[in-house]
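The values are calculated or read from the model by the stated rules, or taken from the named source; none is laboratory data. Quick caveat: nothing in here was measured; it's all calculated off a predicted structure. Cβ: placed from backbone, ideal geometry, glycine included. Neighbour counts: every protein chain shown.
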Amino acid sequence: MTLDELLISLEGLTDEEADERGRREYSSVYLNRGKFGVMQLFKGDEVVFHGDRYEHAFRTSPDRIRNHYSKTKVARDRIERMRWIKAVIQGEVPGTQCWAVTPASKRPGRDRLYVVLANKFVVWLMQREDGGWKFSTAYTATAQDIKRYTQGGTLMWTVPEKDPAHERETTPEKEKPRD
């Protein structure tokens, strides 16, 4: 499986239709308990997804310079990559890094930042008071932004790259009968 195989096609859809498709997909994949969902992370922790995070994660500002916190524009690129989130946090994407970073809001604790450098894709999880995690957002970021996000953070682990030499299936040769 590749990340490209997980892309959601929004071709031919209006922004409103793309938003509806994204909401259905988010609900189907991530909200397995009604208005929220729980999923296992790569290293065994749990992450909670809340229905109300859709707005934050899959909408954006039409003018990020002037109105950074507005969420009035459908973020089509984020919706297209929505399925990537699950693959990344469950360790299915070789080369994924997991970082412990200081929250941008400076609140106590550490956030989790999953980074797929090859695709410049990031997934943010916030620490919950009970010690678990909750999904915040996911998007593509510039290399410069990723460097800034990870500066001062701690690299927790990296999903190993697959070794093509070990992925090939080999069939043992049949033994030849001895004379």
Query raised in the report: Among the residues of region 5-35, which ones are exposed (fewer than 12 other Cβ atoms within 10 Å of the Cβ), in contact (Cβ under 8 Å) with a residue 24 or more places away in the chain and in a helix (DSSP H, G or I)?
Result: Glu16
Query - Those residues of region 36-58 which are touching a residue at least 24 places away in the same chain (Cβ under 8 Å) and in a loop (DSSP other than H, G, I, E, B), in sequence order - result: Leu41, Phe42, Lys43, Asp45, Gly51
Query raised in the report: Of all residues in region 118-167, how many are surrounded by 15 or more Cβ atoms within 10 Å (Cβ to Cβ) and charged (D, E, K, R)?
Result: 1
Query raised in the report: Regarding Gly51, is this residue at pLDDT 95 or above and buried (at least 18 other Cβ atoms within 10 Å of the Cβ)?
Result: no
Query raised in the report: Is it the case that some residue within region 95-108 is within 20 Å of Met39 (Cα to Cα) and surrounded by fewer than 17 Cβ atoms within 10 Å (Cβ to Cβ)?
Result: yes
Query raised in the report: Only one residue in Ser70, Ser9 is among the small types (Gly, Ala, Ser), modelled with pLDDT of 95 or more and more than 14 Å from Leu125 (Cα to Cα). Which one?
Result: Ser9
